[in-house]
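Structure first, then comments.
The values are calculated or read from the model by the stated rules, or taken from the named source; none is laboratory data. In this text the structure is predicted, and so the values were computed from the model without any measurement. Here the Cβ positions follow ideal geometry from the backbone for every residue, glycine too, while neighbour counts run over all protein chains shown.
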Amino acid sequence: MRALSLAWVLLAIGCGGSDPAVADEFDDGGNGGADTVTDDTASGEDAALDAPVVDDAASSDTRAEDSSKDTGASVPDAAQVACGSATCAPDETCCSSGAPPFTYACVKGKSCPDGSGTLACDGPEDCSGGAICCADVRLETTCSPSVRTAECRSSCFNMGPTPCPGNVRLRRCRAKADCTQPGYTKCCVFETAGTSTELCANDGTASYAKSCK
């Protein structure tokens, strides 16, 4: 009887399968990995999505604006330049062309066609920071001036008397106070081929002017 009971116990152990506790432990390990393992990649993406977006262009603009404030730099209003008998809009450029006396036309954009001269100012009001509206001028045989180019420069000096015809460099002016170069202290209005222009002149050139201040 004792031998039969022992055989029955051994048979139960051999055929009874795995221990339910052990099976549960493996099942938890296989299915529980997703619950216990931290997904660093996913959390990194979530953090990136939650982070504030910085607009590089906007921050660059802000830095530029702050810089201009720090240095006291100022941007002048867009110039409206007299161009022959017309006045160019801020988004146009006055261009000279042809043989002297030159002809003038307002051209869309910030540059003139190849072979043309650019007139970027017609007086000191078009320049900032104390710059001078400086013109390269052609004097005809009658000594009447025709402006080829004009731009804002830190200095502008005529290098000496030039016989007519010839080329000179003169300041464009609005008042006598704009004409500070020694010997060229008169702000005069000249008429050339129907175009009126104001230039700082010496006594010799002023004698051909329509009027002077």
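Annotations
- Verdict on PHE157 being under 25 Å from ALA86 (Cβ atoms) and touching a residue at least 24 places away in the same chain (Cβ under 8 Å): no
- Candidates are the residues of segment 69-89 that are part of a loop (DSSP other than H, G, I, E, B) and over 28 Å from LYS176 (Cβ atoms); the one that is modelled with the highest pLDDT is ALA89.
- Residues in segment 93-117 that are in a loop (DSSP other than H, G, I, E, B) and either of a type in the set (Asp, Glu) or surrounded by fewer than 20 Cβ atoms within 10 Å (Cβ to Cβ) (or both): GLY98, ALA99, PRO100, PRO101, GLY109, LYS110, SER111, CYS112, PRO113, ASP114, GLY115.
- When segment 130-154 is filtered for residues that are at pLDDT below 95 and within 27 Å of the chain's Cα centre (by Cα), only GLY130 remains.
- Among the residues of segment 118-128, just one is surrounded by fewer than 20 Cβ atoms within 10 Å (Cβ to Cβ) and free of Cβ contacts under 8 Å to residues at least 40 places away in the same chain, namely THR118.
- Contacts under 6 angstrom Cβ, first residue in segment 167-194 being over 14 Å from VAL137 (Cα atoms), partner among the aromatic types (Phe, Trp, Tyr), 6 or more apart: GLN181/PHE157
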